[in-house]
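Colleague: Pasting in a structure now, in structure tokens, and then I'll have a few things to ask.
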Amino acid sequence: MDKNPETPLARIVRRRLSPVKVAIRVLQDELDLSGDGRVVLDRTLVEDLIGSLEVFVDDLESDAGVTKTSVVTGNANGGLARPGLVTEKPAARMNQN
């Protein structure tokens, strides 16, 4: 039986969704480990989940041409830098061959 070659679109979608799939799997594992009780997440685990989701968002935004600015959100630790969205579209570029 011949193996179907992967289409370029399928390859792109699979690559883009991988950080989200990792985050989902980690959360499923944590739920399984907690049983019926309360779910307690380690800070490092939450930071890794946020990082995986940020990779996904950054990848999609870069292809969509969304410009980001740095926004600082306050918390007990003095604030974390998080990207903020700018709704302006970038100027159209002419293809140069």
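The values are calculated or read from the model by the stated rules, or taken from the named source; none is laboratory data. In this text, all values refer to a predicted model and were calculated from it rather than measured experimentally. Methodologically, a virtual Cβ is constructed for each residue, glycine included, from the backbone with ideal geometry; neighbour enumeration extends over all protein chains shown.
Colleague: Which of the residues belonging to region 8-37 are modelled with pLDDT of 85 or more, of a type outside the set (Gly, Ala, Ser) and more than 18 Å from the chain's Cα centre (by Cα)?
Modeller: Asp29, Glu30, Leu31, Asp32, Leu33
Colleague: Only one of Gly84, Gly51 is at pLDDT 75 or above and surrounded by 11 or more Cβ atoms within 10 Å (Cβ to Cβ). Can you tell me which?
Modeller: Being at pLDDT 75 or above and surrounded by 11 or more Cβ atoms within 10 Å (Cβ to Cβ) holds for just one of Gly84, Gly51, which is Gly51.
Colleague: Also: Looking at (1) hydrophobic (A, V, I, L, M, F, W, C); (2) under 17 Å from the mean Cα position of the chain (by Cα); (3) at pLDDT below 80, which is the only condition Ala76 fails?
Modeller: Just one mismatch for Ala76, condition (2).
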